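The values are calculated or read from the model by the stated rules, or taken from the named source; none is laboratory data. Source: prediction; values computed, not measured. In this analysis, Cβ positions are derived from the backbone assuming ideal geometry, glycine residues included, and neighbour counts consider all displayed protein chains. Note: areas computed on protein heavy atoms with side chains; ligands, DNA, RNA excluded. Shrake-Rupley method; radii C 1.70, N 1.55, O 1.52, S 1.80 Å.
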Amino acid sequence: MTFTSPKTLLRRLGLRARKAWGQHFLLYPHQAQRIVAALALSGKETVVEIGPGLGALTVFLAQEAGKVVALERDPALARFLETELFPQNPRVQILCQDALALDLAACSREAGGPLAVAGNLPYQITSPLLFKLAEEKAAVSRAVLMMQQEVGVRLSAAPGTKDYGILSVLIQYHFSLERLFSLGPANFYPPPQVDSVVLRLAPREPVPPARDEALLTRVVKAAFAHRRKTLNNTLVNRASAFGLSPETMRAIFQTLAIDPGRRGETLAVAQFVALSNAIREAGLLK
């Protein structure tokens, strides 16, 4: 398949990149090949591609996967992909819809196994998409995702650093992370104002596991609701939000040897898990 530059292709189609949708198209095929190679596809798996755009990744995914389900919210680009780039291709399904609306579990059942996920994530929906993958990780075997460098830094941030937050804790709980490579603005049209990074995420069995993952999410979000406030303010004094008294919550912190005078950003993932498990247990014992 002959490569046509995004700028030339958009001009021919009478389209422009939509800044509001975070559209930045890969310029170089070899970079797309690197991303696809990182998925290590078997040739039989179904790949969900988020935001195929002009098909830079899709072209190579279609050669390596059993099936590609490409989610493109831009109707004009979806029409181009379906009618011009992959006309009547049984291995490529173009869906004109928001990736956040896809039922990954249903897609996995239809595929007959866990899904591989790939894509260049628009900044505006990167966090919601990552949380969605975490919530539906049973349907996912692995993901290779490109995102803004600052988000990648937040994902792998350590406790006690300024980048450590809700996203860090919950993604590290659900996935093992591997930073693959970075791409500068010159690799895209139009060039973004920031660098991008490509990460590989693999679902993992957390040790120790949270007995109630929804509760874990609530605890983490509460702890970071006001970053400058201590856990005494965000959790102990607001224990009623978890159906407990401040005295019971204070006793939990004492049992776990966690000083409630600390801030949420100082707790490791395992400590958040222990805290949520203890809160759950105390609630059951009431």
Hey, can you list the DSSP H helices of the chain whose Cα span along the axis is 18 Å or longer and whose average Kyte-Doolittle score is at least -0.5?
269-285
Pairwise FRET efficiency - THR161 versus ALA101, Cβ, R0 = 41 Å, nearest 0.05:
0.75
If you bin every alpha carbon distance in region 152-286 into 10 Å steps from zero, what whole percent lands in each bin?
12, 39, 27, 14, 7, 2
Debye log10 I(q)/I(0) for the chain, one point scatterer per Cα, at q = 0.08, 0.12, 0.14 Å⁻¹:
-0.40, -0.79, -0.98
As a quick test, which of the pairs LYS67/LYS137; LYS137/LYS162; LYS137/LYS221; LYS19/LYS162; LYS44/LYS132; LYS67/LYS162 have an alpha carbon distance above 30 angstrom in this structure?
LYS67/LYS162
Using the heavy atoms of the protein chains and a 1.4 angstrom probe, tell me the accessible area per residue for the chain in square angstrom.
48 Å²
Treat each spin label as a single point 7 Å out from the Cα along the C-beta direction, and report the ARG18 to GLN193 distance in nm.
2.1 nm
Lys, Arg +1 and Asp, Glu -1 on Cβ, resulting dipole of the chain about Cα centre, debye, nearest 20:
620 debye
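Go ahead and estimate [θ] at 222 nm for the chain from helices alone: -39,500 (n - 2.57) per DSSP H run with n ≥ 4, summed, over the residue count, rounded to 500.
That comes out to -10500 deg cm²/dmol.
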Checking the a/c ratio against 1.5 first, then a/b against b/c, what shape does the Cα gyration tensor give for region 131-187?
oblate
Work out the charge dipole of region 1-158 with +1 on the Cβ of Lys and Arg and -1 on the Cβ of Asp and Glu about the Cα centre, then indicate which of ALA76, LEU9, GLY113 is farthest towards its positive end.
LEU9
In the chain the accessible area split gives carbon plus sulfur, as whole percent at 1.4 Å, a share of 52 percent
